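Novice: This structure is in structure tokens; I'll ask about it shortly.
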Amino acid sequence: MVSNLPTVALFAKYPVPGLAKTRLIPALGAEGAAMVHRRLVERTLRVIRESGLPFTVWTTGAPHSDFAAWLGSDVPLMAQSEGDLGERLACALTPAILLGADIPDLSADHLRDAAALLRNAPAVIGPALDGGYYLLALRDPAPFLFTDMEWGTHTVLRETQRRLDAHNVPYRLLGELADCDRPEDLAKWPELSE
């Protein structure tokens, strides 16, 4: 077993109707969008457990007691900080694999591959088809990756790579995956909205 394994930091919002997966509400309604989010978080947590890596769920939207009742009392929980996505991501302790729950095709192998690549490179990126990333693994803190970023745009991946290059931080790329954010994405994973 390799020492100093990265901790998978899953950033998860509590599935409150009207506040979770809001871009899916036009297609599914508030309850349906929240149910998709619930299923995605549960699926991602199963994948993380299967990977065998240590993990913490970084929470927002409800007290930890609600998350424990939902996800299990054995799930390590940390409260997300206030602020934009970058400020919240920057709080995770390194080495870490930062992850959201909107990638239905994420596998335990993706997480294990990120951990393995992190042994030889300070950063690993899992590019998303929409121009962002679904995973960012860091061996050391890199606050420059999280400030003044236009989150949710097609330029996030390119800008992240540019910043890593500007700071002379070598990185490795995983395979590209699609995320489930918009109504048109649901056709790829009909089981999520059944």
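The values are calculated or read from the model by the stated rules, or taken from the named source; none is laboratory data. This one's a predicted model, so the numbers in the text were calculated from it and none came from an experiment. Note that each Cβ is placed from the backbone with ideal geometry, even for glycine, and that neighbours are counted across all protein chains shown. Ligands, DNA and RNA are excluded from the accessible area calculation, which covers all protein heavy atoms including side chains. Shrake-Rupley method; radii C 1.70, N 1.55, O 1.52, S 1.80 Å.
Novice: Just need the relative contact order of the chain here, percent rounded to a whole number, with Cα pairs under 8 Å and 6+ apart.
Specialist: Normalised by residue count, the contact order of the chain is 24 percent.
Novice: To continue, here is another question. Quick one: net charge of Arg158's neighbours, Cβ under 15 Å, K/R +1, D/E -1?
Specialist: Charge balance near Arg158 sits at -4.
Novice: If you count only protein heavy atoms and use a 1.4 Å probe, how large is the accessible surface of Asp165, to the nearest 10 Å²?
Specialist: Accessible area, nearest 10 Å²: 90 Å².
Novice: Then there is this: Amide H neighbours of Ala79 under 5 Å, counting only residues 5+ apart in sequence or on other chains, H built in-plane at 1.01 Å?
Specialist: Result for Ala79 returns Thr59.
Novice: Any idea what angle helix 25-51 forms with the longest principal axis of the chain, computed on alpha-carbon atoms, 0 to 90 degrees, nearest 10?
Specialist: The angle comes out at about 50 degrees.
Novice: Solvent-accessible area of Leu5, probe 1.4 Å, all protein chains present, reported in Å² to the nearest ten, please.
Specialist: 50 Å²
Novice: Please list the non-local residues whose amide H lies under 5 Å from the amide H of Arg172, H modeled 1.01 Å from N, same-chain partners needing a gap of 5 or more.
Specialist: Ala123, Val124, Ile125
Novice: While we're on this one: For the pair Ala187 and His154, how long in nm is the line joining their label points, each one 7 Å along Cα→Cβ?
Specialist: For Ala187 paired with His154, the spin-label model returns 1.8 nm.
Novice: Count the net charge of all other residues whose Cβ sits under 14 Å from the Cβ of Arg88, scoring Lys and Arg as +1 and Asp and Glu as -1.
Specialist: -2
Novice: A further question on this structure: Quick query: amide H of Leu135 versus all other amide H atoms, modeled in the peptide plane; which residues come in under 5 Å with a sequence gap of 5 or more or a different chain?
Specialist: Gly126
Novice: Output ³J(HN,Hα) for the range 118-130: one whole-Hz value per residue in order, computed from phi by the Karplus curve 6.51 cos²θ - 1.76 cosθ + 1.60 with θ = phi - 60°, and x for Gly and Pro.
Specialist: Here the 3J(HN,Hα) series is 5, 5, 10, 9, x, 9, 9, 10, x, x, 9, 4, 8 Hz.
Novice: Would you mind telling me the share, in percent, of accessible area of the chain contributed by carbon and sulfur at probe 1.4 angstrom?
Specialist: Roughly 52 percent, rounded to a whole number.
Novice: Among residues other than Leu117 whose Cβ falls under 11 Å from its Cβ, what is the net charge (Lys/Arg +1, Asp/Glu -1)?
Specialist: Spelling it out: positives minus negatives among the neighbours equals +3.
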